Amino acid sequence: MSVKVAKLRAVERTRPREAKGALFAGDAILEIMEGYGVTDIISSPGSDWPAIWEALAKRRAQENSLPRYHNCRDETQVVAMAIGYYRATGRLPAVVLHTGVGCLHGAMALRSAMRTFVPMVVLAGDTDCFGEDPTVDPGRQWLEQLADVGGPIKLVEPYVKWAVKVPSTTSLPMILAHACKLALTPPYGPVVLSISMEVSFGDIPAHLMPKTGKEVSRTRPDAAAIAQVAELLRKSRRPVIVAERAGDDSGNVARLQAVAEELAIPVVEAGRAAVNMPDDHPLHVGFDVPDACKDADLLLLVGCRAPWHPASAEPAPTAKVVVLDEEPRAQLPMWHYRTDLFVYGNLGATLDDLLAHLRTTEAAKKARGLAKRQHETKARHVAVRRQYTQIGEAAGKLPRMQDAWVSHVLGQLLPAEAIVVEETITSRFSIQNHIQRSKPGTLISKFSGGLGMGFGIALGVKIAKPERLVVALVGDGSFYYSPALACFGFMQEYVAPILLVIYDNQSYSAMRGSLLKYYPKGYAAKTGIHYGSDIKPQTDYAGLAPIFGGYGEAVEEPAKLRPALERCLKEVKRGRFAILQAVIEEPAKS
C-alpha cells in the first residue's frame with residue numbers, strides 16, 4: 001500500500017461521524033437557531049460551510065423545508081436583505097458569510113443594522129489548523145489570502161452588538177444560543193460568531209443542547225416617569241408629537257395613533273423612517289417639524305434620533321421636551337438635544353403604559369376643550385395634503401420631469417398594501433410628501449450607515465412577503481453604490497419580482513448642493529465645473545433589465561410617465577421584475 005493511499009484511508013477513518021447520543025454540529029446550529037424563531041438563512045458563503053449545507057440537505061431529504069436558504073452573490077446584498085426581511089417580519093434572520101472577507105464586504109450594512117436596531121445572527125467561517133489536521137484541509141488560499149490576525153470578529157467589532165470566536169465544538173451550542181438571545185435583547189442589533197470548519201465538523205453531546213428557545217423581552221419604562229409624562233400632556237395647551245422611527249415596529253402605529261387621539265395631539269413626522277402615523281389620519285400634519293412645532297408648549301419626541309437640525313435650532317425654544325425611546329444614544333458621538341425628561345423603555349410598552357395612564361382621567365380630558373384642538377388640527381391636515389397635491393400637479397405641467405411629479409404619480413398608482421423601500425436621498429422630500437402611506441409596515445426608509453442598501457433591503461422584504469408588491473425607489477447615485485448585478489441575479493434565480501424606480505438626475509446632487517452652498521459666487525458657480533457631482537454620460541439603467549429577464553423603460557417626458565409606470569406594474573404582477581428609469585431635473589425640496 002502506498003503512503004498516499006494509507007494517508008487517505010487514515011483521513012477517512014478519522015473523519016467526523018455523529019456519535020451515539022450526539023448531533024452533528026451543522027444539525028445543532030440549525031436546531032438552535034430554529035428555537036429562536038429563525039426560518040430563513042440568507043447567505044453569500046465560501047468554501048467554509050459544508051457542515052450547514054449538509055445539514056440542510058439532510059432536512060430536505062426528510063421533507064423539512066425549514067429553514068429556507070437564500071443564496072446571494074454579494075455580502076452587502078446579504079446583510080441588506082436580512083435588514084429588509086426583519087423589517088417585514090419581525091423574525092430573527094440568520095446570515096452566513098465567508099470568513100473575514102465576507103464580513104468586510106458586509107460591514108457597512110452591518111453598521112446600518114446596528115444603527116437601526118435590526119437583530120440578526122451572523123456566522124462567519126474560519127479555520128484553526130490551516131490543513132495541518134489531516135481531516136480538515138480548507139485549502140492553500142486560507143493561509144495565503146483569507147486569514148486575518150484576530151479572525152473575522154476583529155474586523156467587524158465596531159459595527160455589531162457582540163462578536164466572539166467559538167473556541168470548541170462543545171462550547172458551540174451555548175454560545176450560539178447566547179448570541180441569539182443578545183440579538184433579541186433590547187436594544188436589538190446584529191451579533192457575529194466566528195466558527196471554524198474544525199468546530200463545525202464536530203459532534204455535540206445531546207445534553208449540551210440548550211433547553212430554552214425564543215425569548216421576548218420588552219423593557220418597561222419607569223411607572224413614575226410615565227405618570228409624569230401623562231400629567232405634562234394633560235396640562236399642555238399646545239402639545240405636538242414628533243415621530244421618526246416608532247413605526248419600525250408596525251404595532252406601534254396603532255399605539256401612537258391611540259395616544260394622539262386620546263388628547264387630540266397633532267403628529268408630525270421627522271425625516272420619516274417608517275409609517276409612524278397614517279398619512280390620511282386627521283391628526284397627521286405632515287413632515288415640516290419647525291412649522292408644526294413653532295407654537296407648541298410641549299414636544300413629545302417618540303423614537304426620534306434627529307427631530308430637527310441642528311440640535312440647537314429648537315422649533316419651540318420655550319416648550320418642554322419629552323423623549324420616549326429605548327436607548328440613550330450610546331452609538332452616536334454626540335446627542336445634545338435639550339431634554340426635560342427622557343423615558344427609557346421599549347416603545348410599544350411605553351406607549352401602552354402611557355395610554356393606560358391617560359385613560360384613567362376621563363374627567364380631566366372632558367375639561368380640556370379638546371374638540372377645538374381636534375378641529376384645528378384636522379383643518380391643518382387638510383391644508384397640508386392640499387398643498388402637497390397642488391405641488392405635485394403643478395410639477396406635471398412643467399416641460400422637464402421633476403421628482404415631485406414622479407412621486408405624485410406613484411402615489412396615485414401604488415395600492416395601499418404596496419411596500420415602498422426608499423433610498424433616494426435628495427428626492428426623499430418629494431416621496432414622503434406625495435406617496436401617501438397609511439398602512440403600518442408599508443414604508444422602509446432612512447437607512448443609517450451608507451448608500452447602496454435599498455435594493456437589497458427591498459429584496460429582503462420580497463422574500464419575506466412574496467405575495468406583496470414591493471417597490472424600491474433609489475437615486476441614480478444610490479444605485480451605483482448598490483450590488484446591482486448581484487440583486488438582478490437574485491431576482492432572476494428566485495423569481496422575486498419587484499418594481500425598481502430610479503430617480504435619475506445624472507448627478508450626486510447632494511455634492512453639488514454642498515459646493516454651491518459654501519461657494520455661491522465661486523469659480524465653480526461661474527464656470528459650471530462641479531467636481532464630484534456628475535454621473536455622465538447618462539446610463540441606460542432600463543437596458544439592464546432584459547439581460548436578467550426583466551422589463552425596463554426610461555421616461556423623460558412628464559406625459560409619458562403614467563402609462564410607463566402602469567406597464568411596469570403589469571409586468572411585475574405577471575412575475576417579471578421591472579425597472580422604471582425616471583429622468584428628472586435635480587430636485588428642490590417640495
Study note, to complete from the structure: For the table LYS378/LYS439; LYS294/LYS517; LYS439/LYS465; LYS465/LYS570, the rows whose alpha-carbon distance is greater than 21 Å are LYS294/LYS517
Check your understanding: Ranked by Cβ crowding within 10 angstrom, fewest neighbours first, how are ASP222, ASP353 ordered?
Key -> ASP222, ASP353
**Study point:** Inter-part distance where segment 268-283 and segment 494-556 are each reduced to a Cα centre, Å
**Key:** 28
Exercise for review: Let me have the relative contact order for the chain, percent, based on Cα pairs under 8 Å that are six or more residues apart.
Suggested key: 13
Exercise for review: Measure nothing but the geometry: give the 0 to 90° angle between the long axis through the Cα atoms of 347-358 and the longest principal axis through the Cα atoms of the chain, rounded to 10°.
Suggested key: 40
Review point. Semi-axes of segment 279-329's equivalent ellipsoid from the Cα gyration tensor, sqrt of 5 times each eigenvalue, largest first, rounded to whole Å?
Key: 18, 15, 11
Check your understanding: What aspartates and glutamates sit close enough to LYS446 to cross-link, taking a C-alpha to C-alpha distance under 17 Å and skipping anything fewer than 8 places away on the same chain?
Key -> GLU244, ASP248, ASP249, GLU269, ASP288, GLU422, GLU423, ASP476
Revision key, fill the gap. Computed over segment 66-141, the Cα gyration tensor eigenvalues, each multiplied by 5 and square-rooted, give semi-axes in Å (largest first) of 28, 14, 10
Practice item. Compute the Rg to Rh ratio over segment 3-208 from the alpha carbon atoms, using the Kirkwood formula for Rh, and round to two decimal places. Key: 0.97
Revision key, fill the gap. Phi-derived 3J(HN,Hα) across segment 34-47 with the Karplus relation (6.51, -1.76, 1.60, θ = phi - 60°), rounded Hz, x for Gly and Pro, is 4, x, 9, x, 6, 10, 9, 10, 10, 8, 9, x, x, 7
Exercise for review: Return the calculated 222 nm mean residue ellipticity for the chain, to the nearest 500 deg cm²/dmol, obtained by summing -39500 (n - 2.57) across DSSP H runs with n ≥ 4 and dividing by the residue count.
Suggested key: -12000 deg cm²/dmol
Review point. Order of THR212, THR339 from fewest to most other C-beta atoms within 10 Å?
Key: THR212, THR339
Check your understanding: If you wrap a convex hull around the Cα atoms of the chain, how much volume per residue is inside, in Å³?
Key -> 181
Practice item. Scan segment 325-418 for trypsin sites (Lys or Arg not before Pro) in coil per DSSP, keeping those whose Cβ has at most 14 other Cβ atoms within 10 Å, and list them by number. Key: ARG329, ARG338, ARG359, LYS397, ARG400
Review point. Angle between the Cα long axis of helix 252-262 and the longest principal axis of the chain, 0 to 90 degrees, nearest 10?
Key: 30
Review point. Where in segment 528-590 are there chymotrypsin sites (Phe, Trp or Tyr not before Pro) that are in a DSSP coil and have at most 16 other Cβ atoms within 10 angstrom of their Cβ?
Key: TYR531
**Study point:** Angle between the chain longest axis and helix 223-235 axis [Cα atoms, degrees, rounded to 10]
**Key:** 20
Check your understanding: If you take the Cα atoms of segment 483-583, find Rg, then find the Kirkwood Rh from the mean of 1/r over all pairs, what is Rg/Rh?
Key -> 1.12
Review point. Which one of ALA464, LEU155, SER44 has its Cα pushed farthest toward the positive end of the charge dipole of the chain, where Lys and Arg give +1 and Asp and Glu give -1 at the Cβ?
Key: ALA464
Review point. Hey, how many Å between the Cα centroid of segment 101-122 and the Cα centroid of segment 374-434?
Key: 32
Exercise for review: Just round it to a whole percent: the fraction of Cα-Cα distances in segment 276-379 exceeding 21 Å.
Suggested key: 46
Review point. For segment 415-470, which GluC sites (Glu not before Pro) are both in a DSSP coil and crowded by at most 10 other Cβ atoms within 10 Å?
Key: GLU467
Point to revise | Residue pairs, from the table LYS320/LYS521; LYS165/LYS211; LYS58/LYS161; LYS58/LYS165, whose Cα atoms sit over 30 Å apart | key: LYS320/LYS521; LYS58/LYS161
Practice item. State the answer as a single residue: which of HIS357, ALA311, TRP335 lies farthest towards the positive end of the charge dipole of segment 269-381, with beta carbon charges of +1 for Lys and Arg and -1 for Asp and Glu, about the Cα centre. Key: HIS357
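FYI, it's all coordinate maths here, none of it is from the lab. Worth saying up front: this structure is predicted, and the values here are computed from it rather than measured. Don't worry about glycine lacking a Cβ; one is built from the backbone with ideal geometry, like all the others, and counts go over all protein chains shown.
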